[in-house]
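Enquirer: My questions all concern the structure below.
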Amino acid sequence: MADRIRKRTKYLTVSAMLSALGVIFLALGAFIEVLDITTAVLASMLCIYAVIEMSGAYPWGIWVVTSILSLLLLPIKTPALFYALFAGFYPILKEKLERLKRPLAFVLKLAVFHLSLGAIVLLLRLFFPEQLDWGGMQWLPIAMYVLCVAVFLLYDLALTRVITFYLIRLRQRFRIK
């Protein structure tokens, strides 16, 4: 019983620290606007650690807490929005989807990406229309969509590589004991 309480306390403490670090990453992206998507991806790496080391509800809690705090506290909401609507939960969902057969998993990953991208564009259009000002260039949204799909595929592959690297090389050093 005492071991279980000690383990839960460790997990809760690590979750709080990961959430705080995620908000700091997203704040960096809000202050240096060029890094908004990059910092959202960095914050998502914290969820990967939580999925591997703690599993269960802890990664979801980190995603929710980081999303809410960053949406409330940050002056520029773009990194927080991207994290909340895609980058934060995707690594958690990726672990579940990759247990399925390969073609089905790939189709579901693309569906999740497209739903998330649609939600991001919709919220940007409703609340931050100046972010989507294309300056009269009608081809730019199509080019951005193609670029987003390519970046998603690269992100998915990079996540797989980072997870593999962590499991093989780093897990012994960073494991929660």
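Enquirer: Sticking with the crude label model, points 7 Å out along Cα→Cβ, report the distance from Thr13 to Met1 in nm, one decimal please.
Expert: Result for the modelled spin labels: 2.2 nm.
Enquirer: With a cut-off of at most 16 other beta carbons within 10 Å, and DSSP calling the residue loop, which trypsin sites (Lys or Arg not before Pro) in region 71-150 qualify? Please list them.
Expert: Arg99, Lys101
Enquirer: Also, I was wondering about something else. At a Förster radius of 25 Å, what calculated FRET efficiency corresponds to the Cβ-Cβ distance of Ala158 and Phe127, to the nearest 0.05?
Expert: So the FRET efficiency works out to roughly 0.25.
Enquirer: Only Cα pairs within less than 10 Å get springs; with that Gaussian network setup on the chain, which residue of Val14, Val64, Val34 has the largest fluctuation?
Expert: For the chain, modelled as a Gaussian network with Cα springs under 10 Å, the answer is Val34.
Enquirer: Calculated FRET efficiency, Leu110 and Leu28, Cβ-Cβ r, R0 30 Å, to nearest 0.05?
Expert: For R0 = 30 Å, the calculated efficiency reads 0.55.
Enquirer: A further question follows. What distance in nm lies between label points placed 7 Å from Cα along the C-beta direction at Ile176 and Leu21?
Expert: For Ile176 paired with Leu21, the spin-label model returns 1.2 nm.
Enquirer: Compute the angle between helix 140-165 and the longest alpha-carbon principal axis of the chain, please, reported from 0 to 90 degrees and rounded to the nearest 10.
Expert: Roughly 10 degrees, rounded to the nearest 10.
Enquirer: Compute the Cα gyration tensor for region 2-174, then decide on rounded, prolate or oblate, letting a ≥ b ≥ c be the square roots of its eigenvalues: rounded whenever a/c is under 1.5, prolate when a/b is larger than b/c in the other cases, and oblate in all that remain.
Expert: oblate
Enquirer: Right, next: Could you work out how far helix 36-53 tilts from the main Cα principal axis of the chain, as a 0 to 90 degree angle to the nearest 10?
Expert: 30 degrees
Enquirer: In degrees between 0 and 90, to the nearest 10, how far off the longest principal axis of the chain does helix 58-73 point, with axes built from Cα atoms?
Expert: 50 degrees
Enquirer: From the square roots a ≥ b ≥ c of the eigenvalues of the alpha-carbon gyration tensor of region 20-82, which class results: rounded (a/c under 1.5), prolate (a/b over b/c), or oblate? Write down the numbers at each step before the final one.
Expert: Working: a/c = 2.86, a/b = 1.80, b/c = 1.59.
Prolate, since a/c reaches 1.5 and a/b exceeds b/c.
FYI, it's all coordinate maths here, none of it is from the lab. The structure presented is a predicted model; accordingly, all values stated were derived computationally and were not measured. For neighbour counting, all protein chains shown are included, and Cβ atoms are generated from backbone atoms with ideal geometry for every residue, glycine included.
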